[in-house]
Amino acid sequence: MGLVFYVISFFAVGGALAAVLLKNLVHAALALTIAFFGLALLFLRLDAQFAGFSQILVYVGAVAILVVFAILLTKGSEVPKQGVFSKSWFTGLAIAAGVFAVLAWAVLRAAPSLPNETATPAVNVNDIGNALMGRYVLPLEIIAVLLTVALLGAVIVAMHEKERAGQS
Amino acid sequence: MTPLASYLIVAALIFAIGLAGALTRRNAIMVLIGIELMLNAANLNLIAFWRYGPHPELLSGMMFAIFSIAVAAAEAAVGLGLVISIYRHAKTSDVEEMNRMKG
């Protein structure tokens, strides 16, 4: 593993940590963008160009903007007086630490039997398109329906209550 | 350590950070951010296993990750719509104050 991997992982993990720890929600959203970008770079380093650029388009481009919109619409940029962490923060932290301990233990135990450096897979966007239109066409259609339903649902859920009350 | 193991450790770290964020923050938007981080960590696992797995040309892990990105986008849209709707109704986005099923 080269230096590049460590630098990218540092940005991804550091961005995630900052997103969770920062008190101001707008700063947290910006840190989240850094984490998403670092993850996209990790995807690119894993020779998954299509997934990496989808990650940049969907997460850095859309989800981060949605989060910022939601923060500004809910006055979330103001730091609450009673603090940003819940009363049961210690339990949550202990559960997260336990999950990480179990995962890391499993990975480190299995590490000697994991496959080592393999040849770069010869996969280009053409193959991905063929797979999406061939073997994975049914999931693709279901995802299309899911996205349509989810976006309509999001609009209806976030619509003003007054307009619906006026109609009925 | 093999490259796959280091990617898995990074993914486990990001997953644990996201879980801690989802469990400890008060603001509903921060809970959603934690969930997004956890989904991303799972995607990193899928891509890493695809890259170092026995048959990368079958594209299974890659397809899983791409579909998971699409599902996560839908989840983020609906989740943030719900947060805005609840905020308009209860005038708060603090999950500890949202303790009633009845409006």
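Quick look at the numbers
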| quantity | calculated |
| --- | --- |
| Cβ-Cβ under 7 Å pairs, at least 6 apart or on other chains, the stretch B:68-84 side without any contact (Cβ under 8 Å) to a residue 12 or more places away in the chain and closer than 16 Å to A:Phe69 by Cβ, far side of a type in the set (Val, Ile, Thr) and surrounded by 19 or more Cβ atoms within 10 Å (Cβ to Cβ) | B:Ala73/A:Val58; B:Ala73/A:Val63; B:Ile84/A:Thr74 |
| Restricting the stretch A:38-56 to residues that are more than 23 Å from A:Leu17 (Cβ to Cβ) and more than 9 Å from every other protein chain (Cβ to nearest Cβ), the residue that is nearest to the chain's Cα centre (by Cα) | A:Phe53 |
| Unique match (being closer than 25 Å to A:Ile34 by Cα and more than 7 Å from chain B (Cβ to nearest Cβ)) among A:Val145, A:Val68, A:Val99, A:Val149 | A:Val68 |
| Matching option when the condition is of a type in the set (Phe, Trp, Tyr), farther than 23 Å from B:Leu23 by Cα and crowded, with 22+ Cβ neighbours inside 10 Å, among A:Phe43, A:Phe37 | A:Phe43 |
| Residues (small (Gly, Ala, Ser) and surrounded by fewer than 24 Cβ atoms within 10 Å (Cβ to Cβ)) located in the stretch B:1-33 | B:Ala5, B:Ser6, B:Ala12, B:Ala22, B:Ala28 |
| Residues within the stretch A:98-122 that are under 21 Å from A:Gln49 (Cα atoms), without any contact (Cβ under 8 Å) to a residue 12 or more places away in the chain and surrounded by 12 or more Cβ atoms within 10 Å (Cβ to Cβ), tallied | 1 |
| Filter pass, B:Ser68 being polar (S, T, N, Q), surrounded by fewer than 23 Cβ atoms within 10 Å (Cβ to Cβ) and at pLDDT 90 or above | yes |
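The values are calculated or read from the model by the stated rules, or taken from the named source; none is laboratory data. Computed from a prediction, not measured in an experiment: that's the story for all the values here. Here Cβ is always computed from backbone atoms with ideal geometry, including for glycine, and neighbour counts include all displayed protein chains.
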